[in-house]
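> Below you will find the structure I want to go over with you.
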Amino acid sequence: MKGIKTLALGAGLGSLLLSAAWAEGLDGKVIGFSQIGSESGWRAAETSVTKAEAEARGIDLKFADAQQKQENQIKAIRGFVAQGVDAILVAPVVATGWEEVLTEAKEANIPVVLLDRGIEAPEDLYLTSVASDQVVEGRVAGEWLVAAVGDKPCNVVELQGTVGSSPAINRKQGFEEALAGKDNLAIIRSQTGDFTRSKGKEVMEGFLKAEGGGANICAVYAHNDDMAVGAIQAIKDAGLKPGADILVVSIDAVPDIFSAMATGEANATVELTPNMAGPAFDALQAYWDAGTVPPKFIITESKLYTPTDDPQGEYERRKDLGY
Ligand code: AHR
């Protein structure tokens, strides 16, 4: 709680206190982090990276795992407000239902930074949102598929993320935009797999059964790699070759998808960096040190990876990063 108060005092006491605040950085700040849970490898990596980034900066990070429930996130945020933390990070499980609790944080003068997912709420309720452009992610995945199939007819099945979450809504939209006007491609089935490997597998099993054992499916688009890995297992169990009989395109760039790519079982992924906390902490530091108000959206890169991008090397580079 030192930064803002030191700056306010510094305005009256001259540059000495102000420069003390500049030197202080985030050391000693108390920051609450309401994390969604651990539904995917990407989520596990984001948790590890956030803890490491906090430690490196001397931040006392109060971590709360919501186990996929918005009500737990709301409770955690209320707890952080009651404790008087300096700032709150939230990875919001769904897009709606945040106004009341974020108003409470705002009234307590606690800046809130959203990580990796967006919300439908007035923008003055949070300082900034560090996330990818999820519509772009979906579009990049869709454009890859459009180019990969060319003029061939292609029935696509879609594994959606958590219902009501911003990545599920936006990745669907972006993918559909890429396929718009391509008469040879059609999304024939679409269902949530909740961003988990087990549900991805279960839903893909249902798709395969309903579509002639898979004979009628040309590609699976999964809103994250974990569901794609589950789908790959279901395709193999059905006696087909993932990556060849059924193309596999997804999002996240976790080590396991590179492993699948290296053996020809996955075809493309769009990278989502797990380091949302680094830019979030930088923004908070600039805000406290110099009063710099960050842009409302800090957008991370969405890079496409295919088997030509050294998947084995990518697997090796990522395998110990907390995924
Ligand atoms: O919000 C980001 C998404 O959440 C990741 O793509 C997915 O793996 C996670 O569950």
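The values are calculated or read from the model by the stated rules, or taken from the named source; none is laboratory data. These numbers come from a predicted model, not from an experiment. Here the Cβ positions follow ideal geometry from the backbone for every residue, glycine too, while neighbour counts run over all protein chains shown. The accessibility values were calculated without ligands, DNA or RNA, using every heavy atom of the protein model including side chains. Shrake-Rupley method; radii C 1.70, N 1.55, O 1.52, S 1.80 Å.
> May I ask you to evaluate 6.51 cos²θ - 1.76 cosθ + 1.60, the Karplus curve with θ = phi - 60°, for each residue of the stretch 96-107 and list the ³J(HN,Hα) values in order in whole Hz, giving x for glycine and proline?
Here the 3J(HN,Hα) series is 10, x, 9, 4, 4, 6, 6, 5, 4, 5, 5, 5 Hz.
> Which distance in nm do the two modelled labels at K182 and S38 give, with both placed 7 Å along the Cα-to-Cβ direction?
The answer from the label model is 3.7 nm.
> Ok, one more. Any idea of the accessible area per residue across the chain, 1.4 Å probe, to the nearest Å²? Don't jump to the answer; show the numbers that get you there.
On the way: 13320 Å² over 323 residues.
On a per-residue basis, the chain sits at 41 Å².
> In addition: Among I299, I257, I36, which one shows the highest mean-square fluctuation when the chain is modelled as a Gaussian network with alpha-carbon springs under 10 Å?
With Cα springs under 10 Å in the chain, the top fluctuation among I299, I257, I36 is at I299.
> Based on the Kirkwood radius over alpha-carbon pairs, what value in µm²/s does the Stokes-Einstein equation return for the translational diffusion coefficient of the chain at 37 °C and 0.692 mPa s?
Numbers: Rh = 20.6 Å.
For these conditions, the coefficient is 159 µm²/s.
> Oh, and also: Using a 10 angstrom cutoff on alpha carbons, build the Gaussian network for the chain and name the most mobile of L26, L240, L102.
Its mean-square fluctuation being the largest, the pick is L240.
> Taking the Cα atoms of the stretch 175-254, what is the range of coordinates along each of the three principal axes, in descending order and whole Å?
33, 28, 21
> Using a Gaussian network model of the chain whose springs link C-alpha atoms within less than 10 Å, name the residue from K69, K303, K152 with the highest mean-square fluctuation.
Its mean-square fluctuation being the largest, the pick is K152.
> Can you pull out the GluC sites (Glu not before Pro) in the stretch 111-204 whose DSSP state is coil and whose Cβ has at most 16 other Cβ atoms within 10 Å?
Numbers: sites: E120, E123, E137, E143, E158, E176, E177, E202; in loops: E120.
Answer in residue order: E120.
> Using the charge dipole of the stretch 135-271 (Lys, Arg: +1 at Cβ; Asp, Glu: -1 at Cβ; taken about the Cα centre), state which of S250, G214, T196 has its Cα farthest towards the positive end.
G214
> Given Cβ point charges of +1 (Lys, Arg) and -1 (Asp, Glu) and nothing else, what value in debye, to the nearest 20, does the dipole of the stretch 135-271 about its Cα centre take? Please list the in-between numbers first.
Numbers: 12 positive and 19 negative charges, 45 e Å.
It comes to approximately 220 debye.
> What residues have an amide H closer than 5 Å to that of T192, excluding those fewer than 5 places away on the same chain, when H is modeled at 1.01 Å from N in the peptide plane?
Those lying under 5 Å, H to H, from T192 are Q160.
> Further question: With a 1.4 Å probe and every protein chain kept in, tell me what percent of the accessible surface of the chain is carbon plus sulfur.
Numbers: 6970 of 13320 Å².
With neighbouring chains kept in place, the figure for the chain is 52 percent.
> Nearest 10 degrees, 0 to 90: what angle lies between the long axis of helix 166-179 and the longest principal axis of the chain (Cα atoms)?
Once rounded, the angle reads 40 degrees.
> Next question, about the same structure. List the pair-distance distribution P(r) of the stretch 135-271, using every Cα-Cα distance, as the percent of pairs falling in each 5 Å bin from 0 up to the bin containing the longest distance, rounded to whole percents.
Result, from short to long distances: 2, 12, 24, 26, 22, 11, 2 percent.
> Order the following by accessible area, largest value first: D252, D237, D65. Probe radius 1.4 Å; ligands, DNA and RNA are ignored.
Numbers: D252 5, D237 95, D65 70 Å².
Reading off the accessible areas and sorting them downward yields D237, D65, D252.
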